[in-house]
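Report on the following structure.
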Amino acid sequence: MPAKIISGKQIAADIRQELKAEVSELRRNQIFPKLVVVLVGNHPASESYVKGKIRAAEEIGMESVLIRLEDTISEQELLDKVDELNKDTTVHGILVQLPLPKQISEQRIIEAIAAEKDVDGFHPESVGRMVIGLETFLSCTPQGIIELLQRSDVPIQGKHAVVVGRSNIVGKPVALLLLQKDATVTICHSKTSDLAAITKQADILIAAVGRAEMITRDHVKPGAVVIDVGVNRTEKGLVGDVKFDEVSEIASAITPVPGGVGPMTITMLMANTIESAKRHAR
Ligand code: GUN
């Protein structure tokens, strides 16, 4: 039986409806959640991601501002801009789109964003709090993946989740969130030997490596749930890390690319910004 397609697009649309209602309730109480997105330069993929974020904010009735800066900007000028946004009490979420030009240390910028406005969840304080299970902003893609699983009624507790990829923004945090939901978690990466032997044990397989269609049917146990985080631009167009056609024949459920994890990431950014505005009001 072919896999059920987990439509991130549909689930994200449902959540955005809920968020829209929440924003209008907050606005009635004079709370106006506001997201500021900073785009340095005009990296084509970043342009497209940033547009998606601004559009999503508009869709749910939330205020958003896009600040465009020249790619020749110095690190100090960007730090000054971040500082100004940190001090602006009308701003609840600050997102500096990555990657940044080479004269700027991404880590320094991430650490300059006030933790209480870090809706990306990239600040070391946010990451540290996540690791020990304290209230914080969870980074958006990992949080979106958990929402996708939960809203698709995929059980996590006691299941073997295998994460392929160990990036700071997806692999490591999603592994920890799955662990918090009582999965047994294995993390694989580019140096893992006999990858397929491990991924074949997965009840839940998360592919977050950034290599076009590297997960084939030989990597997947029949009946597994497969979440494809890859966004790879190839001559064929946008493809994931999973060879969709063949894996969807044996998985029990699978996310498509596009229309899977991507819309969830943006939606979680909106949720984090609303949460930030609520915390600020308390
Ligand atoms: N570049 C690609 N994805 C992201 C993201 O989630 N946040 C930021 N700030 N930059 C990105």
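For the stretch 236-275, filtered to residues that are touching a Pro at 6+ places or on another chain (Cβ under 7 Å) and in a helix (DSSP H, G or I), the residue that is nearest to residue 121 (Cα to Cα) is 273. The residue list 279, 211, 233 contains one member that is assigned to a helix (DSSP H, G or I) and open to solvent by 30 Å² or more (accessible area, probe 1.4 Å), which is 279.
For the condition more than 15 Å from the ligand (Cβ to nearest atom), closer than 20 Å to residue 263 by Cα and modelled with pLDDT of 95 or more, what is the one hit in 98, 149? 149 is the lone residue from the list that is more than 15 Å from the ligand (Cβ to nearest atom), closer than 20 Å to residue 263 by Cα and modelled with pLDDT of 95 or more. Scanning the stretch 252-276 for residues that are crowded, with 22+ Cβ neighbours inside 10 Å and of a type in the set (Gly, Ala, Ser) yields 260, 262, 271, 276. Looking only at residues that are over 20 Å from residue 9 (Cβ atoms), of a type in the set (A, V, I, L, M) and within 15 Å of the ligand (Cβ to nearest atom) in the stretch 26-51, which one is surrounded by the most Cβ atoms within 10 Å (Cβ to Cβ)? Looking at the filtered set, the residue picked out is 35.
Just checking, which of 134, 138, 195, 205 is crowded, with 20+ Cβ neighbours inside 10 Å, at pLDDT 95 or above and away from the ligand (no atom under 16 Å from the Cβ)? One residue alone meets the criteria, 205.
For the stretch 59-78, a residue qualifies if it is under 30 Å from residue 30 (Cα atoms) and not β-branched (Val, Ile, Thr), and the qualifying residues are 59, 61, 62, 63, 64, 66, 68.
Of the helices (runs of 4 or more DSSP H) that lie entirely inside the stretch 90-159, those containing 1 or more residues that are among the basic types (Lys, Arg) and more than 28 Å from residue 13 (Cα to Cα) span 106-112, 124-131.
I want to confirm something. Restricting to the stretch 240-253 and keeping residues that are over 19 Å from residue 190 (Cβ atoms) and touching a Gly at 6+ places or on another chain (Cβ under 8 Å), which single residue is farthest from the ligand (Cβ to nearest atom)? Looking at residues that are over 19 Å from residue 190 (Cβ atoms) and touching a Gly at 6+ places or on another chain (Cβ under 8 Å), I get 250. Within the stretch 11-48, the set of residues being free of Cβ contacts under 8 Å to residues at least 60 places away in the same chain and within 18 Å of the chain's Cα centre (by Cα) comprises 36, 38, 39, 46, 47, 48. Residue count for the stretch 113-126 under the criterion of being away from the ligand (no atom under 13 Å from the Cβ) and without any contact (Cβ under 8 Å) to a residue 40 or more places away in the chain: the result is 4. Restricting attention to the stretch 1-25, the residues that are open to solvent by 20 Å² or more (accessible area, probe 1.4 Å), modelled with pLDDT of 95 or more and either in contact with a Ser or Thr (Cβ under 7 Å, 6 or more places away or on another chain) or closer than 25 Å to residue 86 by Cβ (or both) add up to 3.
Under the condition of being part of a helix (DSSP H, G or I) and more than 13 Å from the ligand (Cβ to nearest atom), which residue from the stretch 52-77 is surrounded by the fewest Cβ atoms within 10 Å (Cβ to Cβ)?
Step one: of the stretch 52-77, the residues part of a helix (DSSP H, G or I) are 52-59, 75-77.
Pick out the ones that are also more than 13 Å from the ligand (Cβ to nearest atom) and you get 54-55, 57-59, 75-77.
Numbers: 54: 17, 55: 11, 57: 25, 58: 11, 59: 16, 75: 15, 76: 9, 77: 14.
This residue is 76.
Within the stretch 173-229, the set of residues being acidic (Asp, Glu) and in contact (Cβ under 8 Å) with a residue 12 or more places away in the chain comprises 182, 203, 213, 218, 228.
The values are calculated or read from the model by the stated rules, or taken from the named source; none is laboratory data. The structure displayed is predicted, hence computed values, not measured ones. Every residue, glycine as well, gets a Cβ built from its backbone with ideal geometry; the counts of neighbours run over all protein chains shown. Side chains are part of the model used for accessible areas, which takes the heavy atoms of the whole protein and leaves out ligands, DNA and RNA. Shrake-Rupley method; radii C 1.70, N 1.55, O 1.52, S 1.80 Å.
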